[in-house]
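Structure first, commentary second.
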Amino acid sequence: MHNIRFIALLLKGHRMLMLLGILAATAVVGLNAWLLALSGWFITSMAVAGASGAAFNYFYASATIRALAITRTLGRYGERLLTHDITLRFLVKCRTWLFLKLIPRVPVPFERYTAGEISGRLRHDLDSLESLYLRGLAPLLSGVFVIIAGTLFIARYHQTAAMVFAGITGALSICWPLLRYRHSKVQGYAMVKSQSELRHSILQGLEGAEELILLGGIDEQSAHTRTIAAGLIRQHVDHQREQHIINGLITSGSGVTTIALIAVIVTDCINKTISGPQLVMLLLFVLGCFEALGPLATAIHLFPQTQAALGRIKEISFAPVEVPSGTLTQPDSISIQCSLENIRHAPQSPVLSQALTFTISAGEVLAITGKSGVGKSTVIDILSGLRPYQGSIQIGGRELRDLTAEARCELIQVVPQQPHLFSASIRENIVLDRICTEDQLADALEISGLKSWIDSLPEGLNTSVGEQGSWISGGEARRIALARVCLDPRPIILLDEPTEGLDIRTEQLVLEQFFAKTAQSTCIMATHRKAPLAFAHQVLSIT
């Protein structure tokens, strides 16, 4: 029931288009079945007329057959175009919906997942939702519609034959797959889990390749990955075997249905209650209807995999919103009074520090020091509004958790330990979507200590940094992040190990210029190095 509601939520806004696609698929199958039926009736009627010498007007029938053939071809193209367009629109909406759900929840929902898990949920699981409509709802509903319409059509000529058709097709395409649904559900969830484990193992091996090689663990990691892959292959083989069994039953069912219809109609045909051409018409009509029944059974069989993907997406998209989301706008004064209790990395993680208290006036610099792992970065995340907290953080007399997300963005800038860089040029990574002059950009490069390095590059500012900054060093990435701040300093600047990876001379030069540029801003920096402490008005040690 919960999944049905979730599916209805995702389909909202596309229901009419999707219904139109389902009706188009039903119409195409109906056209094909009617074309087969009319062709059989026409050929048989021509043979009977030729044998008996009776007059037969074949112009209307032949014209109708040609019209149906052309319409079926155009209809098939239009149906595929429509259903695939709807599927792509649906996936776009799903991605937009998911990321809008995640924005107020980041980073908390992702902290218990590995990179492989996150990649799987945001890419593979989301992409698998294309089966929800294209291979799930559309074949399922169009197949049901075909069975109903086919039964009504056959009932017009022979009611007993219609009951036989409905009973056999219903049992083969709906009842039997539903009986196997429990097994398919277990199998589908197991496949999704194995796919997730395989992605996790591969990414873990790639990210830790250097350590694995140095420690001699590459063979063990490779063997583990191959074991998971072999298990997934076996699951796929079992899944395909089930699919072939279903398809075989459907194919056999068409023959059984044809024989059953002959058995119930032949007496009426002998008694001339129903004509020979009509018998042939009904038999070929039944064969045409079976075109829709194979995908119908497959849709029921594949739905558990989609259901498993939906469950994984729901898990992260409906996680509790623990990030502050207030209603107050930006305060006028930028003094900060902070009194935190039970500082944690995540709501369920151990306490890193029992208490932390400080007061900092506007324009001052506070340095937070301490050993690695004591919670310096967590404090920076809390002050930026990314994490929930116990206690109070007053900014200009207003509580941080009560500020709107827009107010926090206008108020606070953060330079994290590992700043995110886009797969773009250095210029684009510094400027982002802002408008600035070349003089302002040159000033930001000079302050952040990037000018001499960029001047040495053949392409200068147009040099690409690679995916996630993989083509440059960590120190260069941090200086790019500092240059971003220098273009438009906000009232509060949070720095997390801003000079890590820099040599002493460069560090001193960058700090002098940066704090001179941001003299009007209130700065809080987490650091374990000595040089930044000389620029701090206060030093707070976390133990």
Compare Tyr133, Tyr157 by solvent-accessible area with a 1.4 Å probe and give them largest first, with all protein chains kept in place.
Tyr157, Tyr133
Would you grab the residues whose amide H sits under 5 Å from the one on Thr522? Only those 5+ places off in sequence or on another chain, please, with H modelled 1.01 Å from N.
Gly363, Ile492, Ile493
Let me cross-check Phe535: its accessible surface, 1.4 Å probe, with only protein heavy atoms counted, in Å² to the nearest 10?
50
Volume per residue, Å³, of the convex hull around the alpha-carbon atoms of segment 12-80?
69
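Ignoring ligands, DNA and RNA, what accessible area per residue does the chain give at 1.4 Å, in Å²?
Numbers: 27500 Å² over 543 residues.
It amounts to 51 Å² per residue over the chain.
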Ranked from the most accessible area to the least, with a 1.4 Å probe and all protein chains present, what is the order of Arg72, Arg478?
Arg72, Arg478
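So for segment 205-261, Kirkwood radius off the Cα pairs, Stokes-Einstein at 4 °C and 1.567 mPa s: how many µm² s⁻¹? Numbers along the way, then the final one.
Working: Rh = 14.8 Å.
Translational diffusion coefficient: 87 µm²/s.
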Relative contact order for segment 330-465 using alpha-carbon pairs under 8 Å, separation at least 6, rounded to a whole percent?
23
Rounded accessible area of Cys94 (nearest 10 Å², 1.4 Å probe):
0
Paired Rg and Dmax values of segment 129-220, which use every Cα atom, in angstrom:
24.0, 79
Run the simple label-point estimate for Arg226 and His537 please: 7 Å along Cα→C-beta, distance reported in nm.
6.3
For a Förster distance of 56 Å, can you work out the FRET efficiency between the beta-carbons of Leu214 and Leu23, rounded to the nearest 0.05?
0.35
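Which sequence of Asp381, Asp125, Asp443 reflects their accessible areas, 1.4 Å probe, from the largest down?
Numbers: Asp381 40, Asp125 0, Asp443 65 Å².
Ranking Asp381, Asp125, Asp443 by accessible area, largest first, yields Asp443, Asp381, Asp125.
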Hey, what did the chain get for relative contact order, percent, Cα under 8 Å, at least 6 apart?
16
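Once you sort the root eigenvalues of the Cα gyration tensor of segment 387-432 as a ≥ b ≥ c, which label holds: rounded (a/c under 1.5), prolate (a/b larger than b/c) or oblate (the other case)? It would help to have the intermediate numbers written out before the result.
Values: a/c = 3.60, a/b = 2.37, b/c = 1.52.
Prolate, since a/c reaches 1.5 and a/b exceeds b/c.
Short version: what are the Cα gyration tensor semi-axes of segment 463-505, square root of 5 times each eigenvalue, largest first, in whole Å? Intermediate results must be reported in sequence, preceding the final value.
Numbers: eigenvalues 78, 42, 15 Å².
Working through the eigenvalues yields semi-axes of 20, 15, 9 Å.
Per residue, how much space in cubic angstrom lies within the convex hull of the C-alpha atoms of segment 122-165? All intermediate terms of the calculation are to be shown ahead of the outcome.
Working: hull volume 2.1 nm³, N = 44.
Per-residue hull volume (Cα only) is 47 Å³.
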Using a 1.4 Å probe, how large is the accessible area of Ser456, given in Å² and rounded to the nearest 10?
80
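Cα-based Rg of segment 334-450 per 2.2 N^0.38 Å, rounded to two decimals?
Working: Rg = 16.8 Å, N = 117, 2.2 N^0.38 = 13.4 Å.
My calculation over the Cα atoms of segment 334-450 gives 1.25.
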In degrees, nearest ten, helix 438-447 long axis to first principal axis of the chain (Cα)
60
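Over segment 419-490, what lengths in whole Å, largest first, do the semi-axes of the equivalent ellipsoid take, defined as the square roots of 5 times the eigenvalues of the alpha-carbon gyration tensor?
Working: eigenvalues 57, 36, 27 Å².
Rounded to whole Å, the semi-axes are 17, 13, 12.
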Output the Cα-based Rg and Dmax of segment 43-106 in Å, rounding Rg to one decimal and Dmax to a whole number.
25.5, 82
Consider just the alpha-carbon atoms of segment 161-301 and return their Rg together with their Dmax, both in angstrom.
24.8, 88
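For segment 421-543, what relative contact order do you get, as a whole percent, if you take Cα pairs closer than 8 Å and at least 6 residues apart? List each step's numbers first, then the result.
Values: 134 pairs, mean separation 34.5, N = 123.
28 percent.
Using a 1.4 Å probe on the protein chains only, how many percent of the accessible area of the chain belongs to carbon and sulfur? Kindly include the intermediate steps, with their values, before the conclusion.
Values: 16650 of 27500 Å².
Carbon with sulfur: 61 percent of the solvent-accessible area.
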Per q in 0.07 Å⁻¹, report the Debye log10 I(q)/I(0) for the chain, using one uniform scatterer on each alpha carbon and no solvent.
-0.62
Compute the acute angle (0 to 90°) between the alpha-carbon long axis of helix 181-207 and the principal axis of greatest extent of the alpha-carbon atoms of the chain; round to the nearest 10°.
40
Rounded to 10°, Cα long-axis angle of helix 159-170 versus longest principal axis of the chain:
30
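The values are calculated or read from the model by the stated rules, or taken from the named source; none is laboratory data. Everything numeric in this text was worked out from a predicted model, so none of it was measured. All Cβ positions, even for glycine, are placed from backbone atoms using ideal geometry, and neighbour counts span all protein chains on display. We work out accessible area using only protein heavy atoms, side chains counted, and drop any ligands, DNA or RNA first. Shrake-Rupley method; radii C 1.70, N 1.55, O 1.52, S 1.80 Å.
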